[in-house]
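Undergrad: Got a structure here, written out as C-alpha cells. Questions coming.
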Amino acid sequence: MKIRTLKLLVKEGANNVVKNKLMSFASTMTVVVTLFFLGIILLIAVNITSNIEAMKRELRLTVFLKIDVSPFHREEFVNFIEEKKEAGIITDYVIISKEQMYEDMKQILEDEVFLKGLTVDNMAESFEIKLANPDDSDELIKQISEFRGVNSENGIGYGKDELNKLEAILKVFNYIVMAVLAVLMVISVFLISNTIRLTVFARRRQIEIMKYIGALDSFIRWPFIIEGLLIGFIGAVLSFIFTSLAYSWIQNVMNVILTNLNLATLSILEFSPVALQIFVIYSIFGVIIGGIGSFLSVRKHLNV
Amino acid sequence: MIRFVDATKVYSNGVVGLRNATVKIEKGEFVFIIGPSGSGKSTFLKLIMHEEVPTDGEVYVNGYSVHDMPRSEVPYLRRSLGVVFQDFRLLPNKTAYDNVAFAMQIVEATSREIRRQVPLALGLVGLSKKAKAYPNQLSGGEQQRVVLARALVNNPAVLIADEPTGNLDPKTSWEIMNLLEEINQRGTTVIVATHEKSIVDAMKKRVITLDRGDIKSDEQKGIYFNED
Ligand SMILES: Nc1ncnc2c1ncn2[C@@H]1O[C@H](COP(=O)(O)OP(=O)(O)OP(=O)(O)O)[C@@H](O)[C@H]1O
Ligand SMILES: [Mg+2]
C-alpha cells in the first residue's frame with residue numbers, strides 16, 4: 001500500500017469517527033468504562049501488593065530471653081545471632097534491654113496500679129531481628145528455639161503466617177480480577193463490533209459502490225479498522241483522565257480513613273509514578289479492543 | 001474483448017437469467033442489449049462484471065476468465081470496466097469532483113494525475129461548472145454525467161451501462177446517449193442495456209435482443225423489436 005493511500009484511508013477513518021458522532025460516542029464510552037474498571041482494579045491490586053511487600057520488609061522476628069537467663073547462655077545466643085548476621089541471613093537486629101522494656105511498659109500501662117508488681121527484674125530482654133529473606137524464618141526459628149537462654153515456650157513471635165494468609169487471599173483476588181477483566185474485554189469487544197457493524201450497515205451503499213469501481217478489500221476494510229483503533233485510543237485517553245481524577249479522590253478518602261483507623265502504616269500509592277504505565281496499558285488495551293472489535297464486524301458483515 | 005461461450009446463469013431459486021449465450025463483442029464496438037423486462041439484460045451485464053458467475057459455460061472479459069476467477073482478482077477486472085447504473089450510485093457525502101477523484105484514489109493514482117484527469121473527465125461530460133456540487137444538488141441528468149465521468153476517468157477498456165437513462169426525461173436521455181457514443185468514438189467499448197426504443201432505432205448500432213434468457217437476435221445496425 002502506498003503512503004498516500006494510507007493517508008487517505010486514515011483520513012476516511014477519522015472522518016467516519018467525526019461523522020457518526022453518536023456511534024463513536026457510544027463506542028468510546030464503552031472503552032472508557034472498560035478501561036476505567038481495568039485501571040481501578042489494577043490500582044487496587046498494586047496497592048495491596050505494595051503494602052504486603054512493605055509489611056514483609058518491616059516484619060521482625062521477636063525473641064525473648066528467659067527472665068533468669070545466665071550470662072553464659074545469653075552470650076551463646078548473641079554469638080549465634082552475630083554469626084547469622086555475618087552470613088547475611090540476618091540483616092539487622094536490636095536488643096531491647098530489661099530497662100527499656102520497663103520504660104515501654106510504663107508508657108503503655110500508665111495506670112500505677114498495674115505497675116506496682118512490675119520491676120525491672122521481672123522484665124525479659126528481647127531481640128528484634130530483621131531477616132534478609134522472610135522464607136528463612138522457619139529454619140531460623142527452629143535453631144533459635146534450641147538455645148537454652150531463649151524462652152522458646154512463648155517468647156518467639158513472627159507475623160509471617162498472617163502475611164501468608166493475606167498473600168493467598170491476594171492471589172485469589174488476582175484470579176478473580178483477571179476473570180472479571182477478561183469478561184469486560186469480551187463485552188467491550190462485542191459492543192464495539194456491534195457499533196462498527198452499525199456503521200458498516202449504514203455505509204453498505206458506499207461499500208457496494210466502492211466494490212463496483214474496483215476497490216481492493218483492504219481499501220474498504222481499513223477505514224473501519226482505523227475507526228475502531230481511533231475510538232479505542234480516544235477512549236483510552238479519556239479513561240486515563242477519569243481514572244487519575246477518581247484515583248486522587250479515592251486516595252484522599254482512603255488516607256483520611258486509614259488515619260482515623262490508626263492504620264497509618266498502610267499507605268496508598270501516589271498516582272504519578274504509575275501514570276505512564278497506566279497510560280501505556282490503557283492505550284494498548286484500548287487500541288486492541290477497538291481494533292479487534294472493528295476487525296470482527298468488518299470481516300463478518302462486510303464480506304470483503 | 002468480451003466473449004460468452006455457452007454461458008448460462010440459473011439463479012439459486014431456479015429462475016434462468018441467461019441461457020446458453022454465445023456472443024462476442026470486439027474492442028471498440030457499441031452494443032445495445034434490449035428485451036422485455038426480465039429477459040436477462042441485467043444478468044448479461046452482471047456476468048461481465050462478476051457480480052454474478054455463470055452456472056455453466058464461460059465468460060471472458062478483457063483477458064480475465066470471469067467464470068473461474070479468484071476473488072482477489074475481481075477488483076482488477078472491475079478497474080478495466082466502467083459501470084453506469086439507472087440509479088446513479090454516487091457517494092452522497094462527496095462532491096462531484098471528489099466522487100470522480102475517488103475512483104482514481106482507489107487505483108492509487110498520484111494526486112498530480114488526479115488533478116489532471118478529474119477536470120478532463122468532468123469537462124468531457126460537460127459538468128466542469130458543477131464540480132463542487134454534491135449529488136443532492138444535481139439533477140438526474142447531471143448526476144448521471146458525474147457517474148459517466150467516474151466510469152471514464154481511469155480509461156477503462158469497456159463501459160457497461162444498465163438502463164443509464166431509465167430515470168431521465170427524453171431530452172436528457174438523448175444527451176447521455178450522445179455522450180456514450182462520443183466515449184465510444186474515443187475507443188472505449190460501450191455496452192448499453194436499455195428500453196429506449198426510439199433511441200435504439202435512431203442510433204443504428206449493433207443490437208442484441210434477449211427474450212426470457214435466450215438471445216433472440218443479434219444484428220448490426222439493428223432496431224428495437226416490437227415486444228408482441
Ligand atoms: N438475484 C436473483 N435471484 C433470483 N432471480 C433473479 C435474480 N436476478 C434476476 N433474477 C431473475 O432473472 C431473470 C432475468 O432478470 P434480469 O434482471 O436479468 O432482467 P432484465 O432484462 O434486466 O429486466 P429489467 O428490464 O426489468 O431490468 C428475471 O426473471 C429475474 O426475476
Ligand atoms: Mg435490468
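The values are calculated or read from the model by the stated rules, or taken from the named source; none is laboratory data. A quick note: this is a predicted structure, and the numbers were derived from the prediction, not measured. Neighbour counts are summed over all protein chains in view; Cβ atoms, including those assigned to glycine, are modelled from backbone coordinates with ideal geometry. In case anyone asks, the SASA skips ligands and DNA or RNA and just uses the protein heavy atoms, side chains included. Shrake-Rupley method; radii C 1.70, N 1.55, O 1.52, S 1.80 Å.
Undergrad: Within the range B:15-37, take every residue that is aliphatic (A, V, I, L, M) and surrounded by fewer than 18 Cβ atoms within 10 Å (Cβ to Cβ) and give me the one that is farthest from ligand 2 (Cβ to nearest atom).
TA: Once the filter is applied, the top-ranked residue is B:Val23.
Undergrad: What single numbered condition from (1) away from chain B (no Cβ under 14 Å); (2) aromatic (Phe, Trp, Tyr); (3) buried (at least 21 other Cβ atoms within 10 Å of the Cβ) fails to hold for A:Phe233?
TA: The one condition A:Phe233 does not meet is (3).
Undergrad: When residues of the range B:65-84 are filtered for being open to solvent by less than 60 Å² (accessible area, probe 1.4 Å) and more than 12 Å from every other protein chain (Cβ to nearest Cβ), how many remain? Even if it seems obvious, please write down each step before you answer.
TA: Quick first cut of the range B:65-84, residues open to solvent by less than 60 Å² (accessible area, probe 1.4 Å) only: B:65-67, B:69, B:74-75, B:77-84.
So of that shortlist, the ones also more than 12 Å from every other protein chain (Cβ to nearest Cβ) come out as B:65-67, B:69.
Total meeting the criteria: 4.
Undergrad: If you don't mind, there's one more thing I want to ask. Filter the range A:181-211 down to the residues that are within 14 Å of another protein chain (Cβ to nearest Cβ) and open to solvent by 20 Å² or more (accessible area, probe 1.4 Å) and list them by number.
TA: The answer is A:Ala202, A:Arg203, A:Arg204, A:Arg205, A:Gln206, A:Glu208, A:Lys211.
Undergrad: Testing B:Gly35 on (1) within 13 Å of chain A (Cβ to nearest Cβ); (2) within 16 Å of ligand 1 (Cβ to nearest atom), one condition comes back false. Which one is that?
TA: Of everything listed in (1) within 13 Å of chain A (Cβ to nearest Cβ); (2) within 16 Å of ligand 1 (Cβ to nearest atom), B:Gly35 misses just condition (1).
Undergrad: While we're here: Is it true that some residue in the range B:5-26 is away from ligand 1 (no atom under 16 Å from the Cβ) and either acidic (Asp, Glu) or within 14 Å of another protein chain (Cβ to nearest Cβ) (or both)? Give the derivation first.
TA: So the first thing to find is which residues in the range B:5-26 are away from ligand 1 (no atom under 16 Å from the Cβ), and the list is B:5-6, B:22, B:24-26.
From the residues that got through so far, the ones that are either acidic (Asp, Glu) or within 14 Å of another protein chain (Cβ to nearest Cβ) (or both) too are B:6, B:26.
Yes, the conditions are met somewhere in the range B:5-26.
Undergrad: Looking at the range A:18-45, which of its residues are in contact with a helix residue (DSSP H, G or I) (Cβ under 7 Å, 6 or more places away or on another chain) and within 14 Å of chain B (Cβ to nearest Cβ)?
TA: A:Asn20
Undergrad: When the residues of the range B:38-64 are narrowed to those that are of a type in the set (Phe, Trp, Tyr) and either within 13 Å of ligand 2 (Cβ to nearest atom) or within 14 Å of chain A (Cβ to nearest Cβ) (or both), which ends up most open to solvent (accessible area, probe 1.4 Å)?
TA: Here the answer is B:Tyr64.
Undergrad: What residue, among those in the range B:143-167 that are within 16 Å of ligand 2 (Cβ to nearest atom) and either within 13 Å of chain A (Cβ to nearest Cβ) or closer than 16 Å to B:Arg186 by Cβ (or both), is most open to solvent (accessible area, probe 1.4 Å)?
TA: Ranking the candidates gives B:Asp162 first.
Undergrad: Residues in the range A:45-60: is at least one surrounded by 14 or more Cβ atoms within 10 Å (Cβ to Cβ) and not in a helix (DSSP H, G or I)?
TA: Yes, because at least one residue in the range A:45-60 is surrounded by 14 or more Cβ atoms within 10 Å (Cβ to Cβ) and not in a helix (DSSP H, G or I).
Undergrad: Scan the range B:85-100 for residues that are facing chain A (nearest Cβ under 10 Å) and either assigned to a helix (DSSP H, G or I) or touching a strand residue (DSSP E or B) at 6+ places or on another chain (Cβ under 9 Å) (or both) and jot them down.
TA: Of everything in the range B:85-100, those that are facing chain A (nearest Cβ under 10 Å) and either assigned to a helix (DSSP H, G or I) or touching a strand residue (DSSP E or B) at 6+ places or on another chain (Cβ under 9 Å) (or both) turn out to be B:Phe85, B:Arg89, B:Asn99.
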